[in-house]
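The structure under discussion appears below in the form of structure tokens.
The values are calculated or read from the model by the stated rules, or taken from the named source; none is laboratory data. None of the values given here were measured: they were computed from a predicted structure. With ideal geometry, Cβ positions are generated from the backbone for all residues, glycine too; neighbour counts draw on all protein chains shown.
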Amino acid sequence: MSQATPKSGVQIEFVRQQMLPEQAAPAVSRGPIGWVREHLFPSVGQTILTLFCIYVLYLIVPPIANFLIFDAVWSGTDRTACATEAQGGVQPNGWFGACWAYVGAYMNQFIYGRYPDEQQWRVNIVWLMFFGGLIPLLMPSIGFKRENIVFMVLVFPVATLILLTGGNFDVQGTYLPLAILAVLALAAAYGFARGSQSDPMPGLKTTAVVFAGLFVVVTLLGLGFGLERVQTDVWGGLLVTMVIAVTGIAASLPIGIALALGRRSDMPIVRFVCIVFIEFWRGVPLITVLFMSSVMLPLFLPEGVTFDKLLRALIGVALFSSAYMAEVVRGGLQALPKGQYEGAMALGLNWGQMMRMIILPQALKLVIPGIVNTFIGLFKDTTLVLIIGLFDFLGIIRSSTSDATWATPVQSLTGLVFASIIYFIFCFSMSRYSMYMEQRLDTSHRS
Amino acid sequence: MAVTDMGRGVADAPPKVALLNNPKARSWLFQILLGVAVAYLVYSGWVNMNANLQAAGVASGFGFLGKNAGFSVAQSLIDYDQGTSSYGRVYVVGVLNTLIIAVVGIIFATIMGFLLGIARLSNNWIVSRLATSYVEFARNVPLLLQIFIWYFGVLRLLPQPRESLDFGPLGLLNIRGYFAPKPVWGEGGAFVLYALIIGIAIAFGVSRWAYRRQMATGQRFPSLWVGLGAIVGLPLIVFLGLGAPLTWDMPVLGGFRPSGGMTVIPEFIALLVALSTYTAAFIAEIVRAGILGVSKGQSEAAHALGLRQGQNLRLVVIPQALRIIIPPLTSQYLNLTKNSSLAVAIAYPELTSVFAGTALNQTGQAVEIISITMLTYLTFSLLTSAFMNWYNARVALVER
């Protein structure tokens, strides 16, 4: 019996004195094989699930790829390119693929609508200003934020309005009311300052600058610049989609902030009005709001005052999205700790100063992701305007299918697939941006 | 001394402030100004509207609801006759069609959404990737476009009635819709329904009794199986005992359209598929957030107490996840109901399409019709938020 047991006192044959060097994991649990085992085939049930998913992919992906790419028609001049022989075209019977040639032929319409060809450079300048101003604004690493915001808020809207419509508005009637308003505002600023025994000059200066700016804007809108007038009913495509989405979000931000502040106000009537406004617009579908603004709104206006169709849709969209924006902003206001309000009040700031300098900058920063998400929702919702007869991007794609030049069974599906790709690219990149901002704001908050 | 006296004197007398700078007075000034402005807007709108309506010679008032509508409606849950039915009835038909698409859509969206939400959390790479791609795609393409894709893109590819896809006992599918077999109850069919109601009552009673007994004695009772047995078994016994009083009216292929059976119109199918797949993507995100929101310590504590995995899910994780999930889930349900108004684009005859669309075009009474439509949706939404408040109050964490 030479069994080595320490108890018996027999010599122990081998005791390891040193730690063995670490060994790599077995080949089956590392590298690609290990990954596959762990993530795809860890158990019988999971294996069945994985195989089922692969089968589903096999069912879905090849037909889609064939339709989009391999069987698709990329060039052609009319419907014969995208029709089968039985339908009077050149494709073999049973062919089923996308007709990108049709999309190519309509590309100009999809972007500009029926905007006159020789005037499209105006739209191009607007695109350039928009993306040239927006992209640096969205990138935190690029400076000149203040200048950029001034450009986007003051220069861009006026320039866009003049470029797209051609300017030359009838502004004669607005000078007098504006002057009266200016006098009233100056008097109010002076009165408030005197009442609180403070220096009236800064308030008067700000008011004067604002009204001088308004006078300049009104005068600019009245000038013609020699641009040809383009009525809004020939606008269409991505142009209209962008105009509605951007105007909607631009109008909804200030209105939404005002509503959110009003909803959290101590004044009962103000709070009541704001709650009713917000809950009403949030409680009804956008399409009924658009119906209302296109059918009912003209009835509420004095005789002779008419808006064009696009403007009416814009009003509906702005009312609707400002109610949603108000709730987003309210979320930011509620997320701020009470100490921020108390600290501001302890410093002796009045309500306006507290909001402007302490509360809103923090609250709005907190809700940037929420604002972007509202914008995504609004961007998707712009498609609804086609129901009231505007030709937005989706609307112009739908209406192009009635053109006999390209009428084939695949035309409708091709147009819709193209639209979904474009909408997906826009919305997906915006949602990624919102996630990126969320992370950025999150870390800056913790440190 | 004099200084303190002076100080006291100032403090005693209320400080003299301009009325405009008295916070109370100022707040009332603002409120009165706002009230006057709102009142003026409403008043001038009302005056203008009356003048405009008179100038246009449009009738006003709600008398039109009793008048004969005279147009046909493609789908109606109640009797509707083109010749004799009124606009009021059109409204009811529209509301019912909205409700049916909402209820069916909510059921499908919930099932799909929960499956997708759980799939996104799966450790299985391909499952979670598939679910994620689906969710991203569905959320980032406008709903109206998805409805169009289903209606103009996919359903238009279905065969003509003559070449209908035949699913045997499940009915026929072709470009004119889905033709399902229609159940025809024979004599005594009502007793099966009564049995079902009694079965549900028994199941409910048993589960309450079992719960109370377990609380008192710790003994468990398989109330789930007994309840299921009562709900399924009792009607089944009655059904078989009565000699199976049920026949199916099968759709039969015809030239123009199949005859017999129940017809599900293609607009309904397209809207249902689009609404439920779109909403499911949002529900999936809510479910995922809800499950992730239950901290891991809860599961660990449950395991430490000796609960099995199933019990842990059923008794610990899911109740807490539901607390997070249900409020946003209800608002998704509400969104689905409101989004059903997009049916107007493909002419599925729900409230917006048939009432705010066709009826409005025929009568021209925009103010009344749009107001009724908006108030109807508003009622849905207020009822939903009332439920949500009640639920939140019920499940709110009672903290120290």
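What residue, of A:I278, A:I287, is within 21 Å of the chain's Cα centre (by Cα), among the aliphatic types (A, V, I, L, M), crowded, with 17+ Cβ neighbours inside 10 Å and facing chain B (nearest Cβ under 7 Å)?
Unique residue meeting the criteria: A:I287.
If I go through segment A:378-422 residue by residue, how many of them are in a helix (DSSP H, G or I), over 21 Å from the mean Cα position of the chain (by Cα) and among the β-branched types (V, I, T)?
Residues meeting the conditions: 3.
Please state which of the following conditions A:W281 fails to meet, knowing it meets all the rest: (1) in contact (Cβ under 8 Å) with a residue 40 or more places away in the chain; (2) farther than 30 Å from A:D170 by Cα; (3) in contact with a Gly (Cβ under 8 Å, 6 or more places away or on another chain).
(3)
Could you list, ordered by first residue, the pairs with Cβ atoms under 8 Å in which the first is in segment B:57-71 and polar (S, T, N, Q) and the second is outside any helix (DSSP H, G or I), at least 6 apart or interchain?
B:S60/B:Q365; B:N68/B:G83; B:N68/B:T84; B:N68/B:S85; B:N68/B:S86
Across segment A:290-306, what is the total count of residues that are more than 8 Å from every other protein chain (Cβ to nearest Cβ) and without any contact (Cβ under 8 Å) to a residue 24 or more places away in the chain?
4
With the condition being over 23 Å from A:I111 (Cα atoms) and either of a type in the set (A, V, I, L, M) or over 29 Å from the mean Cα position of the chain (by Cα) (or both), I'd like the helices (runs of 4 or more DSSP H) fully within segment A:152-240 carrying at least 3 qualifying residues.
A:175-195, A:201-222
From the list A:S252, A:S265, which one is on the phi < 0 side of the Ramachandran plot and facing chain B (nearest Cβ under 10 Å)?
A:S265
Looking only at segment B:138-189, filter to residues that are exposed (fewer than 13 other Cβ atoms within 10 Å of the Cβ) and within 14 Å of chain A (Cβ to nearest Cβ); which one of those is nearest to A:V410 (Cα to Cα)?
Filtering segment B:138-189 for residues that are exposed (fewer than 13 other Cβ atoms within 10 Å of the Cβ) and within 14 Å of chain A (Cβ to nearest Cβ), the one nearest to A:V410 (Cα to Cα) comes out as B:L157.
Take the conditions among the basic types (K, R), within 12 Å of chain A (Cβ to nearest Cβ), within 30 Å of A:V36 (Cβ to Cβ) and outside any loop (DSSP other than H, G, I, E, B) and apply them to B:R129. Does it pass?
It is true that B:R129 is among the basic types (K, R), within 12 Å of chain A (Cβ to nearest Cβ), within 30 Å of A:V36 (Cβ to Cβ) and outside any loop (DSSP other than H, G, I, E, B).
Going through segment A:427-438 one residue at a time, which ones are closer than 17 Å to A:L137 by Cα and either among the acidic types (D, E) or in contact with a Lys or Arg (Cβ under 9 Å, 6 or more places away or on another chain) (or both)?
A:S431, A:E438
Hey, can you tell me all the residues within segment B:51-69 that are in contact with a helix residue (DSSP H, G or I) (Cβ under 9 Å, 6 or more places away or on another chain), loosely packed, with under 13 Cβ neighbours inside 10 Å and facing another protein chain (nearest Cβ under 10 Å)?
Selection gives B:A56 alone.
Are any residues in segment A:307-316 away from chain B (no Cβ under 14 Å) and either touching a Leu at 6+ places or on another chain (Cβ under 8 Å) or surrounded by 17 or more Cβ atoms within 10 Å (Cβ to Cβ) (or both), and if so, which ones?
A:K309, A:L310, A:A313, A:L314
Going by the conditions given, is B:Q320 within 14 Å of chain A (Cβ to nearest Cβ) and not hydrophobic (A, V, I, L, M, F, W, C)?
For B:Q320, the condition - within 14 Å of chain A (Cβ to nearest Cβ) and not hydrophobic (A, V, I, L, M, F, W, C) - is not met.
Are any residues in segment B:258-275 surrounded by fewer than 20 Cβ atoms within 10 Å (Cβ to Cβ) and over 18 Å from B:R162 (Cα atoms), and if so, which ones?
B:I269, B:V273
All but one of (1) touching a residue at least 40 places away in the same chain (Cβ under 8 Å); (2) within 15 Å of A:T288 (Cβ to Cβ) hold for B:I370; state the number of the condition that does not hold.
(1)
In the set A:V61, A:V56, which member is among the β-branched types (V, I, T), at pLDDT 85 or above and touching a helix residue (DSSP H, G or I) at 6+ places or on another chain (Cβ under 9 Å)?
Of the residues listed, the single one that is among the β-branched types (V, I, T), at pLDDT 85 or above and touching a helix residue (DSSP H, G or I) at 6+ places or on another chain (Cβ under 9 Å) is A:V56.
Hey, any hits in segment B:64-86 for a residue that's under 31 Å from the mean Cα position of the chain (by Cα), part of a helix (DSSP H, G or I) and of a type in the set (G, A, S)?
Checked against the condition, which is being under 31 Å from the mean Cα position of the chain (by Cα), part of a helix (DSSP H, G or I) and of a type in the set (G, A, S), segment B:64-86 yields at least one hit.
When you check A:T160 against the structure, is it surrounded by 11 or more Cβ atoms within 10 Å (Cβ to Cβ) and either among the aliphatic types (A, V, I, L, M) or closer than 30 Å to A:T241 by Cα (or both), yes or no?
Judged against the criteria, A:T160 is a match.
Given the criteria modelled with pLDDT of 90 or more and either under 29 Å from A:A323 (Cβ atoms) or facing chain B (nearest Cβ under 10 Å) (or both), does A:V417 qualify?
For A:V417, the condition - modelled with pLDDT of 90 or more and either under 29 Å from A:A323 (Cβ atoms) or facing chain B (nearest Cβ under 10 Å) (or both) - is met.
Please determine, by comparing only the residues of segment B:190-205 that are surrounded by 14 or more Cβ atoms within 10 Å (Cβ to Cβ) and either aliphatic (A, V, I, L, M) or in contact with a strand residue (DSSP E or B) (Cβ under 7 Å, 6 or more places away or on another chain) (or both), which one is farthest from B:A230 (Cα to Cα).
In this case the residue turns out to be B:V192.
Given the residues B:L360, B:L375, B:L351, which is the only one that is crowded, with 23+ Cβ neighbours inside 10 Å and hydrophobic (A, V, I, L, M, F, W, C)?
Only one candidate passes the filter, namely B:L351.
If only one of A:V243, A:V273, A:V217 is surrounded by 12 or more Cβ atoms within 10 Å (Cβ to Cβ) and at pLDDT below 90, which one is it?
That would be A:V217, the only listed residue that is surrounded by 12 or more Cβ atoms within 10 Å (Cβ to Cβ) and at pLDDT below 90.
Could you list, in sequence order, the residues of segment B:107-124 that are facing another protein chain (nearest Cβ under 10 Å) and either more than 19 Å from A:L57 (Cα to Cα) or crowded, with 16+ Cβ neighbours inside 10 Å (or both)?
Scanning segment B:107-124 gives B:A119, B:S122, B:N124.
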